[in-house]
1. Exactly one condition in (1) within 17 Å of Val32 (Cβ to Cβ); (2) at pLDDT below 90; (3) among the aliphatic types (A, V, I, L, M) is false for Ala55; which is it?
2. Quick check on my filter: what residues within the range 58-76 are surrounded by 14 or more Cβ atoms within 10 Å (Cβ to Cβ) and either modelled with pLDDT under 90 or farther than 20 Å from Gly34 by Cβ (or both)?
3. Among the listed residues Pro109, Pro22, Pro117, identify the single one that is of a type outside the set (Lys, Arg), surrounded by 12 or more Cβ atoms within 10 Å (Cβ to Cβ) and at pLDDT below 90.
4. With free of Cβ contacts under 8 Å to residues at least 40 places away in the same chain and either in a strand (DSSP E or B) or over 23 Å from Asp14 (Cβ atoms) (or both) as the only criterion, which of Thr98, Thr77 stands out?
5. Here's a check for you: in the range 74-114, which residue that is within 23 Å of Gln18 (Cα to Cα) and basic (Lys, Arg) is farthest from the chain's Cα centre (by Cα)?
6. Could you please give the count of residues in the range 11-43 that are part of a helix (DSSP H, G or I) and within 13 Å of the chain's Cα centre (by Cα)?
7. Return the residues of the range 79-95 that are crowded, with 16+ Cβ neighbours inside 10 Å and touching a Lys or Arg at 6+ places or on another chain (Cβ under 8 Å); say none if nothing qualifies.
8. Could you say which residue among Ser58, Ser90 is in contact (Cβ under 8 Å) with a residue 24 or more places away in the chain, assigned to a strand (DSSP E or B), within 17 Å of Gly3 (Cβ to Cβ) and not β-branched (Val, Ile, Thr)?
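The values are calculated or read from the model by the stated rules, or taken from the named source; none is laboratory data. Just so we're clear, the structure is a prediction, and the values are computed from it rather than from any experiment. Cβ coordinates were reconstructed from backbone atoms using ideal geometry, including for glycine residues, and neighbour counts include every protein chain displayed.
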Amino acid sequence: MRGFADAINRADLDAALQVCHPKIEFLSILAVGGGRYVGHAGIRRYFEDVASAWAEWSVEVHGVEPLPDGRVEIVMTMNARGSGSGARLSERTAHIWTLRDGRLLRNEPVRRPDLGPE
């Protein structure tokens with residue numbers, strides 16, 4: 001998960017694909033269409049969509065915790081600045097990730113009241 005966040009921060013598609021399972025299902029609040037990005041083709045589209053909508057885009061990881069059921073939770077802040085508007089977005093959130101073969105397979109964004117604003 002940290003590798004995916006680092007790849008996002010560097011806008012490095014190849015590094016992102018290395019940590020994503022070929023059947024990945026990814027949902028992001030920064031997504032342009034609001035749907036899931038499926039497979040490596042979906043991750044490519046995600047990078048294109050984000051680059052088209054956001055002039056700046058980064059992820060700050062606050063913590064990564066393994067869960068008893070084998071999934072992993074990541075707590076992070078996503079920061080972005082709109083391409084056309086210049087409006088800034090900063091969203092602190094958590095995602096629960098399912099892994100397969102040591103790679104990211106599926107995420108579930110989680111609303112946690114304890115995270116609150118930064």
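1. Exception for Ala55: condition (2).
2. Of everything in the range 58-76, those that are surrounded by 14 or more Cβ atoms within 10 Å (Cβ to Cβ) and either modelled with pLDDT under 90 or farther than 20 Å from Gly34 by Cβ (or both) turn out to be Ser58, Glu60, Val61, Val64, Arg71, Val72, Glu73, Ile74, Val75.
3. Every option except Pro109 fails the conditions.
4. None of the others qualify; the one that does is Thr98.
5. Arg100
6. Count: 6.
7. Asn79, Ala80, Thr93, Ala94
8. Ser58
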